[in-house]
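As structure tokens, the structure follows; a few thoughts come after it.
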Amino acid sequence: MNPFQSLIFAYLGIMRKMGHYKFSSDSLANFMTFYKFAYCHINLVSISMGLFDLFKKDRGYEIHSLEFCEVGKDGKRDTRPSSKHYTDSRYIMPVVKMTSRIDRTVKIKVRITEPSGKTHTYDFDAPLKPVENMSAQFPWWGSEKRDHFTAVGTWRFDILDEEDHVVISAPLEIAPLEDIWESMGWIHIVSNLEFRNINGNGEVIDDWNTGNFVEPKYMQMRCRCTCYSDVVRKVTYHVEIKNERTGKIKAFDHTVTLNPRDGSQWLQICGWGSDSGTSYAPGTHTYTLYYKNREMGRGRFEVVKSPKQRGWIEPLALVLHFYNTDEEVQQWVTYDCALHIYEGKIIEQKSFKANTYKRLLAGFQWRSLEKGHSLKLIFKFYMEGNLVYTSVQDAVTNEPDSKDIFQQDFEVSSSMRLEGPNGITSPFPAGRYEVELYLKTEELDEHFVMRRTLDVR
């Protein structure tokens, strides 16, 4: 019932007892005055009571978010704020975002409910200052023995005010310790990745820590690691081997057995490749170990060309030589070339003057990688970028690093001349001269080896 209805009924009752059954103009005026007074008074009281209730219910602060960190007994964080932790947690510290409009100390209570329904509470005094959306760390709860958060499941944290009203609640998921080890791949690698080359029978061709591999057949990897599993466990890892030059990736899975033990142990992954030795092209190969898309470790190994892949030789020098007589070229070959090669030196390119010499040839120096292989050396001569002459010479590889002066890794092209229509030989004019060397063996098709460019002035 409206409170003004009661006032009206009370006023009419008084009038009736006084014998007034009809309203006079004076009585009506008195009633209206009484009604206005009562209406204003009741409204004022109602507004005052409403403001009183409003201030009475406002705690003066709000908490906008609630997460949790694992900390030590000194409060130093072990983890970032999260809503998930593990059964080996020591202390859990509530971390909040809050806004305060007051400048006083309030009592705050934390109520922790386990998955079984068992509760734990603690309270503390919080000195608040007016601030907007600040981060705050509440006191932590737990044990150095890591025996407080052993129940797996959803825990609930309630933050209560001085009236035991809930300010904010948040769940905390406590997961088995195995979950974190699972997410980390069950191991922690503590060494570099090492590689070796084996054949199809598992026999070692190039052992661990070999610098470069030549036509490897099956590449194995090993590394030292610590194991997080407390039981014998079979774990499958994923391997990707990338040729950095071509970008091609070879991938496979391999299952290993992990043994729980103190200290580190070897983790070894099976070899991958082929008996033909053609699975790994020359270049840098990156080996990456994964567990469920998590990268566990990475290493590199180098594959270099075999003597066969390199044409049985290592190119050292290609030079142009201008001359006029056979005697001049014989002296150059004997003294400037053969003696330099015998002394372990590399032949150097000389400079020449234009319009002075009528004959031109090229000399090629190499180092044999294996004895007794036939070589076909193809010299291509260019003047001002135009091909003008080609010479083909046969050679044979010698004993590697031979000191026999009669077995030198050196060959010259046939001689080039400039002859006019009347058969007269002209001296070589000023300009740019180039020679390119191509090599062909029984195993390899003709391929470019090296180039020499010389400007004659």
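Read-outs throughout are calculated quantities, based only on the coordinates presented, and are distinct from any laboratory measurement. Since the structure is predicted, the reported quantities are computational estimates derived from the model, not experimental observations. Here Cβ is always computed from backbone atoms with ideal geometry, including for glycine, and neighbour counts include all displayed protein chains.
Numbers below:
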| read-out | value |
| --- | --- |
| The range 102-149: trypsin sites (Lys or Arg not before Pro) in DSSP coil with no more than 12 other Cβ atoms inside 10 Å | K118, K145 |
| Packing rank of 395-404, 191-200, where each peptide gets the mean count of other beta carbons within 10 Å, highest leading | 191-200, 395-404 |
| Positive dipole terminus of the chain, leading residue within V435, V456, T246 (C-beta point charges) | T246 |
| The range 114-191 and the range 389-448: distance between their alpha carbon centers, rounded to Å | 81 Å |
| Computed over the range 306-457: relative contact order in percent, which uses C-alpha pairs under 8 Å that are six or more apart | 29 percent |
| Loop GluC sites (Glu not before Pro), the range 104-188, which have at most 11 other Cβ atoms in a 10 Å radius of their Cβ (DSSP) | E144, E162, E163 |
| DSSP-loop GluC sites (Glu not before Pro) across the range 319-363, with at most 15 other Cβ within 10 angstrom | E343, E348 |
| Label assignment, Rg/Rh (Cα atoms, Kirkwood Rh) derived from the structure, set (i) 1.15; (ii) 1.44; (iii) 1.00 | (ii) |
| Charge dipole magnitude, Cβ of K and R +1, D and E -1 - the chain, Cα centre, debye nearest 20 | 2200 debye |
| Around L437: net Lys/Arg minus Asp/Glu count, Cβ-Cβ under 9 Å | +2 |
| Highest-first arrangement of 378-387, 241-250, where packing means the average Cβ count within 10 Å | 378-387, 241-250 |
| Relative contact order of the range 186-304, defined on C-alpha pairs under 8 angstrom at six or more residues apart (%) | 31 percent |
| Formal net charge of residues neighbouring K308 (Cβ-Cβ distance under 11 Å; K, R +1; D, E -1) | -2 |
| Inter-centroid distance (Cα atoms) of the range 75-107 relative to the range 226-298, Å | 41 Å |
| Between helix 3-17 and the chain: long-axis angle, C-alpha atoms, 0 to 90°, nearest 10 | 10 degrees |
| Cβ-based exposure ranking for H447, H148, in which fewest neighbours within 10 Å come first | H447, H148 |
| Size of charge dipole - the range 195-241 - debye, nearest 20, with Cβ of Lys, Arg +1 and Asp, Glu -1, no other charges | 220 debye |
| Antiparallel bridge percentage (DSSP; both residues within the chain; nearest 5) | 95 percent |
| Dipole of the chain, positive direction: furthest Cα of A126, T284, P115, with charges on the beta-carbon | A126 |
| Simple Cβ-charge dipole of the range 152-257, Lys/Arg +1 and Asp/Glu -1, about Cα centre, in debye nearest 20 | 1160 debye |
| Phi-based couplings in Hz for the range 345-356 (Karplus 6.51, -1.76, 1.60; Gly and Pro marked x) | 9, 9, 5, 9, 7, 9, 9, 9, 8, 6, 6, 10 |
| Dipole of the chain, positive direction: furthest Cα of S374, V304, G363, with charges on the beta-carbon | V304 |
| Positive minus negative residues near T226 (Lys, Arg vs Asp, Glu; Cβ under 12 Å) | +1 |
| 3J(HN,Hα) from dihedral phi, the range 149-155, Karplus parametrisation 6.51/-1.76/1.60, rounded to Hz, x for glycine, proline | 10, 8, 7, 7, x, 9, 9 |
